[in-house]
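Student: Handing you this structure, nothing more for now.
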Amino acid sequence: MSTVHIRQAIYDYEVIRPIVFEMLGSGEGPTIDPGTRVLIKPNFLAPAAPDTAVTTHPLIVKAAAEYALAKRARVQISDSPAMGSFSNVLKKGGYKEMLKGLDVTVKPFEKTIAVDVGEPFGSIDIAKDAMEADVVINLAKIKTHTQMMLTLGVKNLFGCIVGLKKPEWHMRTGVDRQMFGRLIVSIFEAVGPAYTIIDGILAMEGQGPGKSGSPRELGLLVGGKDAHAVDHVVCLQVGLDPGILETQRNARALGVYDGSVHVDGDLIILNDFQFPELGSLTVGPDFLGRFMRKFLIQQPVADNKACKLCGECWKYCPAQAISYTDRGITFNTDTCIRCYCCLEVCPHAAIRAKKPLAGRVFAWLTKNR
């Protein structure tokens with residue numbers, strides 16, 4: 001039975017440092033000897049200021065790095081952002097300034113190695129630095145996710161898929177949330193982080209995980225050896241049945257998590273956390289599929305007044321379902337796989353997930369018949 005630590009915290013280094021040191025130094029913390037290669041994997045989704053709740057707060061990254069350095073480890077901090085340059089992530093997120101003076105290597109994932117993650121995926125290219133580290137410390141963020149409900153500790157390891165390989169895997173599995181959840185769990189198990197800490201001091205609710213989401217203060221740091229158990233506890237805290245989360249369901253189905261957890265700390269359950277609506281992609285008979293996808297099923301929509309035509313969405317779209325003119329962008333509902341990568345990478349919060357009017361009416365009639 002894995003222990004999950006819950007601690008109340010604020011973004012003050014005098015508060016965060018001892019909590020991170022306590023978690024990593026606990027009985028289930030990672031073994032770090034002099035010379036150990038420690039990889040710290042934050043959530044560096046995109047260039048964003050800390051107060052947007054898009055990325056792991058720099059104070060937590062600094063504390064984890066200082067813990068490993070105190071053990072005389074060789075420390076590297078890496079991720080593969082979904083959009084924007086790695087250097088811009090460091091600058092805008094406050095990491096460059098926060099890590100100044102620390103003897104750490106900070107660089108993006110670039111090289112990959114093929115790793116057999118088992119059926120049905122087989123060999124997957126995963127970041128070489130993650131696979132070759134002696135210890136991986138996983139620093140995730142409590143955020144909603146329009147495709148997967150929440151992005152927590154297990155989902156954070158999808159960042160070990162480098163660059164445009166991410167949307168390629170979305171294209172292969174994005175229509176099937178269960179299969180995408182299984183892919184995420186398979187990647188997580190292949191990397192095998194030694195410890196996970198989730199930043200929920202400032203979390204994100206609503207239309208996450210990008211800038212369309214809404215920051216919300218929870219005042220929490222949650223950590224443990226088993227990220228499945230940590231995610232389980234976070235689900236409970238935000239009032240979500242863990243069985244709804246695809247990564248939780250797949251972890252249990254694959255036999256890598258049995259649901260047993262010991263909580264150290266105060267488990268306070270929220271009843272008003274705002275989740276995104278996850279629309280079905282397979283409603284109705286095949287011959288009505290095109291009509292359903294266009295008029296009934298949730299889909300990305302653009303606010304063309306907010307859109308700057310920067311190109312991030314159509315460059316990243318794995319299904320190439322986005323077209324544009326000087327008046328704005330449009331989505332091909334026939335080819336869109338509803339992975340919501342566009343919403344995730346949009347730097348201007350100009351894209352949202354929305355069910356068409358006919359779909360909302362249909363849902364209301366179905367619910368109230």
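Student: Taking a cut-off of 14 Å between Cα atoms, list the aspartates and glutamates near Lys92, but don't count ones fewer than 8 places away on the same chain.
Tutor: List returned: Asp51.
Student: What are the ³J(HN,Hα) couplings of segment 222-229, residue after residue, when phi is run through the Karplus curve with 6.51, -1.76, 1.60 and θ = phi - 60°? Round to Hz, x for glycine and proline.
Tutor: 10, x, x, 5, 9, 5, 4, 5
Student: Skipping prolines and chain starts, which residues have an amide H placed within reach, meaning under 5 Å, of the one on Ser2, given they are 5 or more residues away or on another chain?
Tutor: Amide H neighbours of Ser2, under 5 Å, 5+ apart: His262.
Student: Tell me, what are the semi-axes, in whole angstrom and largest first, of the equivalent ellipsoid of the chain as set by the roots of 5 times the Cα gyration tensor eigenvalues?
Tutor: Equivalent ellipsoid of the chain: 33, 22, 20 Å, largest first.
Student: A further question follows. How large is the Kirkwood hydrodynamic radius of segment 195-269, in angstrom, based on all distinct alpha carbon pairs?
Tutor: With all distinct Cα pairs of segment 195-269 included, I get 13.1 Å.
Student: Still on this model: What distance in nm separates the simple spin-label points at Gln274 and Ile113, each placed 7 Å from Cα in the Cβ direction?
Tutor: 4.4 nm
Student: If packing is taken as the mean number of other Cβ atoms within 10 Å per residue, what is the order of 119-126, 344-351, 227-234, 162-169, highest first?
Tutor: 227-234, 344-351, 162-169, 119-126
Student: Counting only protein heavy atoms and a 1.4 Å probe, tell me what percentage of segment 173-223's accessible area is made up of carbon and sulfur.
Tutor: Summing carbon and sulfur atoms, their accessible area is 44 percent of the total for segment 173-223.
Student: List, in the order given, every pair from Lys62/Lys166; Lys100/Lys308; Lys128/Lys211; Lys62/Lys225; Lys111/Lys225; Lys71/Lys166 whose Cα-Cα distance in the structure shown is over 22 Å.
Tutor: Violating the 22 Å limit, Cα to Cα: Lys62/Lys166; Lys100/Lys308; Lys128/Lys211; Lys111/Lys225; Lys71/Lys166.
Student: If each DSSP helix of 4+ residues adds -39,500 (n - 2.57) and the sum is divided by the residues in the chain, what number results at 222 nm, nearest 500 deg cm²/dmol?
Tutor: -8500 deg cm²/dmol
Student: Follow-up. Taking H placed 1.01 Å from N in the peptide plane, check which residues at least 5 places from Glu205 or on another chain put their amide H under 5 Å from its amide H.
Tutor: Counting only residues 5 or more places away or on other chains, the set is Thr144, Ser214, Arg216.
Student: Figure the gain on full extension for Ser260 and Asp134 (residue separation times 0.36 nm, minus the Cα-Cα span) and round it to one decimal in nm.
Tutor: 42.7 nm
Student: Let me ask something else about it. Just to check I understand the Karplus step: with θ = phi - 60° and J = 6.51 cos²θ - 1.76 cosθ + 1.60, what whole-Hz values come out for segment 139-154, glycine and proline as x?
Tutor: Result, rounded to whole Hz: 10, 9, 9, 7, 9, 6, 9, 5, 8, 10, 6, 9, 10, 10, x, 5.
Student: Asp199's amide H: which non-local residues (gap 5+, or another chain) put their own amide H closer than 5 Å, with H modeled 1.01 Å from N in plane and none for Pro or chain starts?
Tutor: Those qualifying (amide H under 5 Å, at least 5 residues apart or on another chain) are Ala140, Lys141, Ile142.
Student: In debye to the nearest 20, how big a dipole does the chain give about its Cα centre with +1 on each Lys and Arg Cβ and -1 on each Asp and Glu Cβ?
Tutor: That gives the chain a dipole magnitude of about 1300 debye.
Student: Ignoring everything but the protein chains, give the 1.4 Å probe accessible area of Lys41 in square angstrom, nearest 10.
Tutor: Here the residue's solvent-accessible area equals roughly 0 Å².
Student: Another question, if that's okay. As a test question: what accessible area, to the nearest 10 Å², does Arg177 have when a 1.4 Å probe is rolled over all protein chains in place?
Tutor: Its heavy atoms expose roughly 40 Å² to the probe.
Student: What whole number of Å gives the distance from the Cα centroid of segment 125-147 to the Cα centroid of segment 290-369?
Tutor: If we compute the Cα centre of each part, the gap is 28 Å.
Student: Could you list, by residue number, the cysteines of the chain that have no other cysteine's beta carbon within less than 4.7 Å of their beta carbon?
Tutor: So far as the 4.7 Å Cβ criterion goes, Cys160, Cys235, Cys307, Cys310, Cys317, Cys336, Cys339, Cys341, Cys346 stand without a partner in the chain.
Student: Packing-wise, with mean Cβ within 10 Å as the measure, how do 145-156, 260-271, 129-140 rank, highest first?
Tutor: Ranked by mean Cβ neighbours within 10 Å, highest first: 145-156, 129-140, 260-271.
Student: Calculate, for segment 58-143, the solvent-accessible area per residue in square angstrom, rolling a 1.4 angstrom probe over the heavy atoms of the protein chains.
Tutor: Heavy-atom SASA per residue in segment 58-143 reads 44 Å².
Student: For segment 1-139, what is one quarter of the convex hull surface built on the Cα atoms, given in nm²?
Tutor: 9.7 nm²
Student: Would you kindly find the accessible area of Lys315, with a 1.4 Å probe and non-protein molecules such as ligands, DNA and RNA excluded, rounding to the nearest 10 Å²?
Tutor: In the full protein context, Lys315 sits at about 130 Å².
Student: Hey, another quick one. What are the ³J(HN,Hα) values, in whole Hz, obtained from phi via the Karplus relation 6.51 cos²θ - 1.76 cosθ + 1.60 with θ = phi - 60°, for each residue of segment 97-111 in sequence order, with x given for Gly and Pro?
Tutor: So the Karplus estimates, Gly and Pro as x, are 6, 5, 8, 4, x, 8, 7, 10, 9, 10, 7, x, 5, 9, 7 Hz.
The values are calculated or read from the model by the stated rules, or taken from the named source; none is laboratory data. Note that the structure is a prediction, hence the values are computed from the model and not measured. Note that we place each Cβ from the backbone using ideal geometry, even for glycine, and neighbour counts take in every protein chain shown. Note: accessible area is taken over every heavy atom of the protein model, side chains too, but ligands, DNA and RNA are not part of it. Shrake-Rupley method; radii C 1.70, N 1.55, O 1.52, S 1.80 Å.
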